[in-house]
1. Counting partner chain Cβ atoms within 10 Å of every residue's Cβ in A:274-283, what's the average?
2. From the C-alpha coordinates alone, can you work out the Kirkwood hydrodynamic radius of chain B, in Å?
3. If you count the DSSP beta bridges with both ends in the protein assembly as shown, what percent of them are antiparallel, to the nearest 5?
4. Arrange the peptides B:658-666, B:730-738 so that the one whose residues have, on average, the most other Cβ atoms within 10 Å appears first.
5. Take peptide A:133-139, look around each residue's Cβ out to 10 angstrom, count Cβ atoms belonging to other protein chains, and average those counts.
6. Expressed as an acute angle from 0 to 90° and rounded to the nearest 10, what is the orientation of the C-alpha long axis of helix A:376-386 relative to the principal long axis of chain A?
7. Once phi is turned into θ = phi - 60°, what whole-Hz ³J(HN,Hα) does the Karplus curve with 6.51, -1.76 and 1.60 give for every residue of region B:216-221, x standing for Gly and Pro?
8. Going by average Cβ neighbours within 10 Å, how do the peptides A:151-159, B:324-332 rank, with the highest at the top?
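The values are calculated or read from the model by the stated rules, or taken from the named source; none is laboratory data. Remember, predicted model here, so these are calculated numbers, not experimental data. Because the Cβ atoms are built from the backbone with ideal geometry, glycine has one as well, and the counts that use them run over all protein chains shown. With ligands, DNA and RNA removed, areas are computed over all heavy atoms of the protein, side chains included. Shrake-Rupley method; radii C 1.70, N 1.55, O 1.52, S 1.80 Å.
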Amino acid sequence: MAHHTLPATAETVHWGYFSKMLKPQLTIKSGDRVTIETITHHANDDHARMIAGDAAAEEIFHWTAEEKTIKRRGAGPEDGPYQHGSGEGLGVHLLTGPVEIEGAEPGDVLEVRIIDAYPRPSANPEYKGRFFGSNPSANWGFQYNDYLEEPKPREVVTIYELDMNEPTTVSAVYSYLWTPQTDPDGIEHPTIDYPGVRVDHETIEKKEGILSGVKVPARLHFGTMGVAPEEADFVSTIPPSYTGGNMDDWRIAKGARMFYPVAVPGALFSVGDAHASQGDSELSGTAIEISLTGEFEFILHKKADLPGTVMEGLNHPLLENDDIWSVYGFSVTNYLAELGPDHQYEILKSSSLDNAMRDAFRKLRRFLMTVHGLSEDEAISLMSVAADFGITQVVDANWGVHGSIRKNVFKCY
Amino acid sequence: MLLRTGLAFLPSQVQYKLTGASDAPVGTLDQGMNIRQFISESYPLDTRGNAWRDVLAALSLRSDAPGQDFDQFAAALIRGQAEGVLLGKLTATAQTLTPIPRKGRLPLVLMPLDETIDVTAETAGFPVAPGEAVVLPVDKAWEVVLHQNTNLAVFCLSETALHGQRFGLSPLTAPVTVAASGFGNVFLQSLRAAAAELDSLNDMEWQSVEQVIPDLFLTVVVSVSSSTADASANASQAALFSRLTLAIERRVAEADLSAGRIARQEGISERYLQKLFEQNGESFTHYLRERRLQHARMALVAPDELRIPVSEVAYSCGFTDAANFNRLFKERFGLPPGAFRTNHLKSLMEMANAEQRGWPVKALTDRKAKKRSAIGGAQADETELADIPDTDGTHHVLPANSRTVHWGYFSRSLRPVLEISSGDTVEVETLTQHSSDDPELFIKGDAAAEDVFYWDADRKNVDRRGAGPIDASIYGRGAGEGFGVHVCTGPIYVNEAEPGDVLEVRIDDMVPRPSGNPDYDGRYFGSSVAAWWGYQYGELLQEPKPRENIFIYEIFPDGDGSGFARAHYAYRWTPQKDPFGVSHKTYDYPGVPVDPATIERLSPVLSDISIPLRPHFGVIAVAPREADPVDSVPPAYFGGNIDNWRLGKGASVYLPVSVPGALLSIGDPHASQGDGEVAGTAIECSMTGRLTVIVHKKGGIFSDLTYPLIETPEEWVLTGFSHPNYLAEFGAKGQGEVYAKSSLDLAMKDAFRKTRRFLMSTHGLSEDEAIMLMSAGVDFGVTQVVDGNWGVHAIIRKSMFL
């Protein structure tokens, strides 16, 4: 087993899309471990706390009228004229990778074990060694068309600090109402419609003392993790799908093992969108977005070896940790295949918890029948009395419901 | 179409079965519409390929994809019925499709939506690009090759759907392309749009699509299948013929309708009209008679016209002689018209009886007009206050017996069986309504259960079960019609409670009730039914479909309320005849004793599986204010069938009081349940609880509470519903409508709004703070998708607040 390191740099990140065309940043063998840095795409919500002094972050986010280090952000068009910018923000997550796994072929399953995850400290001498994250209540949030108070609608960004002393918690530092921001290319962003636009703190009004006395227990996890899909060359990072991606389940944390069906040769694994904490539903559109470094172990399971394991017949992401297995239902199971060439736009109109619940029910039934050898009737009775269905997220276009079954239900575990 | 709309009061599955003339549904029914949805993810690898083949077969297609080890992604959405119009959308990977020859099938239309497909026939091959379509005769040999993952719209129809119009269809000998220009484009655009909106159209809208697309199709096929020279001539003939048939449809009631009249109306000669019909393979006279008979057949079973005598039906369809009509009808349909109607009514009753939950909306509307009917059962002026020992004035014991329980409903006019004061404790026995699933284990030797479940040919101790009519005049299932199923103990009158107050019910302890049968001395059992109201019922994978299963569990509690359950045995529901002689084909009425001689026990089941216990009460309710009585199944603002397993030992539920004394009822005890309760029930197990009941007067911290709020030592659990107050929202029709209109999307919205309000009013947060906190630290989960009014809950951890 080899141990590799993949730092986040302008060369090793891609922004807002998955792509089978990307050149691997690292090639590893099954069984290898990799320490991977990730940087949150919301770092520019507070440049002073999350970027300043951090050479890698400064370079990645560098954007002047003359120079933009990472031009393409999203799976949209790369050629102007732009509505929002190159890539059009059709996909927002800053991902590190891809990591190529030697010998991985379509039909195989890639297991990714999260060995550890820890936050990236602020490099600004003023905040040295402290950890900050951002939680925008954004225009794609569940609340956006359902506000009580004026102004309606609005976007509000809250900056949080993570306290790593046990018990680890997150507390709000201040918040501000999003004001139209003009990027260095002169495009105005009246809402949060393009990632990495530096918020000019001269234009905002900070509100201190918010959520006083509230400490949210930390749940360090990676919101977006997965392998490259086969169906299209550039795929938005926003809707999760059969190859994983923006799953936004806080259980994808230290101790979890994720299984992804490999869709392209080499698998091409990317990770990012780290969160300090998130509730089931990710209601306002984002979690507490933070930069984390993770240590991962990669195990390739060849197609021929899958029968008789939990991966038999798997064609969607599966989570395993010490306590549970979870399957993920989506509004549209495989939107890339089902929704045709306009899938990136069609999926935005297809959000439905009812469909996601249906999908989760079907996937869990199949899992219990295939992997645990239950009859259909046994699987259904067991699901009713012992499986828990929860709402993963209602903000990533392809909404999610997860179905979990506890391992201690089975005698063999 | 009169028939369809007239049946609106029946569940649409039933409408569908009744109107699908040949009873050949394409497959499972989703959301009440005749939609079949397929997705490969549902199926274990070894059955996936066959399931995919079944889907294709419904469209007369065959695939070369392997039946075994089919590990490709595939999806389909098909609407319609085999003997009519079928419209679908397929997602399929690279494979080759060929036809399954079928009689009475018209050509099939395949329209690639995103990738080019290749069509090969005997004579020639050609590609079909996205946006074009190919018309494929099903009785000829051809191949359609998909080179990669492709989305397709597909359309086919049977001859019967065309009312006899097949003008110009016969000559199609090979596949032909419909190009995206001219009229062809109109057809293609309509087809594409209809395929995209398949599952969002309601039944009425779908009916329009069912008419329009075949009409367009007909014209398109005529134009593409004819040689260029006479194409337009044929198309105009087809249009004329179509007008003629429509004229006939409108005038069937005219007894003296003749070819001459129709010809005059359309401005053509009678001879030309006759010729057009002959070209189409039948005489005018024969065609007219067939249409009259079809109209009569529909009219005979139209629900609004069931009382119209057969002779009048005959007359209204243009028949002048009743005897002649009877003879013709019998020749055509195998039964004389009277018998046909009787048969139909019988099957209608059976089907409706089998799978209708709650009040039919139409029955509720009728009921409104009538005088309020008596509730029956334990009504105020009929029942004595039960004799309850009150130990020291603040602790009470409420045993379960036929006088202290009410079954399947809540009511503000029930006489209380116990009167207590705020702060008092009550030991309350509850019995599961599923005790009758195995009377030997659950009832025998247990005096209370024997009393409550007693039922012989003459009498049952608890007659009313459900909020339906006491005379079972809707479906004949039994008193109360099973519109509500839970055995509830109570109601308890709480002295200080007034409308506007909040009642706290704290569960200090709860223990399962041991079997009273000496053979099972000291053992505990529960039952879980995968019932027709379960989430799985419309989409089972394995045969027989559909089916209901009962799993009997043995419970192994340990001292501190935890422990586990194991499956004891299982059986498939078989029709059970209750002691009054009513047969229950499905689990449609609670407390019907299952005769062990009629079932086949399956054991072992779920071997090596043990389920951690989560003992809780499924039902805790105060009496609702809007209606009386109220079906116990859909939960709402008054509590009721909350089915959240967090409402167990150590938890409290806060309920807004609607009537003086609150009228608290408890029941539906569960040994364990998962979030979702997908099969329709939990592990239903009789239990006894010790409760503390506290009145919080109006104006306290819960002053704006309008829903059941659960508190556990660590969490607040807020309950969101599809329809938070369905009784008010839908008015008199609420108890029917709530079953038809449930959705997790609505329940999520409700849970979000309630949580925002709770954080703002109880914790003093601003709206923005509340929303941030919900995103970062509140967990939303699926409570249940089986209780009519679906639930999503929000969990707020108390540890977040200093």
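1. For this peptide, the per-residue mean of nearby foreign Cβ atoms is 6.
2. Hydrodynamic radius (Kirkwood, Cα pairs) of chain B is 29.7 Å.
3. Given both bridge residues lie in the protein assembly as shown, the antiparallel proportion sits at roughly 95 percent.
4. B:658-666, B:730-738
5. Across A:133-139, the average partner-chain Cβ count within 10 Å equals 2.
6. Long axis of A:376-386 versus the principal axis of chain A: about 50 degrees.
7. 4, 4, 4, 5, 4, 5
8. A:151-159, B:324-332
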